[in-house]
Amino acid sequence: MFISTAWAQGAEGGGDAFLSLMPIVLIFVVFYFLIIRPQQKKAKQHREAIAAVRRGDRVTTGGGIVATVVRVEEGSDEIIVEIAEGIRVRVKKHTLMDIQAKGVPASDPGKK
């Protein structure tokens with residue numbers, strides 16, 4: 001009456017399984033190129049910027065504090081920053097969010 005007869009499909013639809021997985025594979029490829037790859041590139045640039053931080057750089061921490069780098073300790077993941085005149089704070093390098101201005105290298109303290 002209202003229900004039509006359902007016919008079972010044969011098991012010979014091997015190509016159909018590949019075509020049914022194709023949209024899922026396509027979605028993963030699009031996610032990789034639009035989301036994952038740009039995030040990895042940005043993270044790599046951030047790691048390189050953090051590794052290149054030096055004395056005199058103006059930085060912003062994860063908490064939004066704008067400070068000037070006073071000392072970078074070699075072999076350590078901490079730096080000393082000055083948040084106001086005479087107020088120095090030790091912060092972890094990975095908490096730095098932005099390096100705003102490049103300072104003078106330690107070998108040329110007189111240059112600006």
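Structure notes:
- Chain lengthening between R88 and I3 when straightened (0.36 nm per residue, less Cα-Cα): 22.6 nm
- Sorted peptide list for 76-85, 36-45, criterion being average Cβ within 10 angstrom, highest first: 76-85, 36-45
- Under the shape rule built on the C-alpha gyration tensor, where the axes satisfy a ≥ b ≥ c, the stretch 52-101 is rounded, since a/c falls short of 1.5.
- Ordering of 66-74, 53-61 by burial proxy (mean other Cβ atoms within 10 Å per residue, highest first): 53-61, 66-74
All of the numbers you see were taken from the coordinates with simple rules; none came from a lab. Computed from a prediction, not measured in an experiment: that's the story for all the values here. Cβ atoms come from the backbone with ideal geometry, glycine included; neighbour counts cover every protein chain shown.
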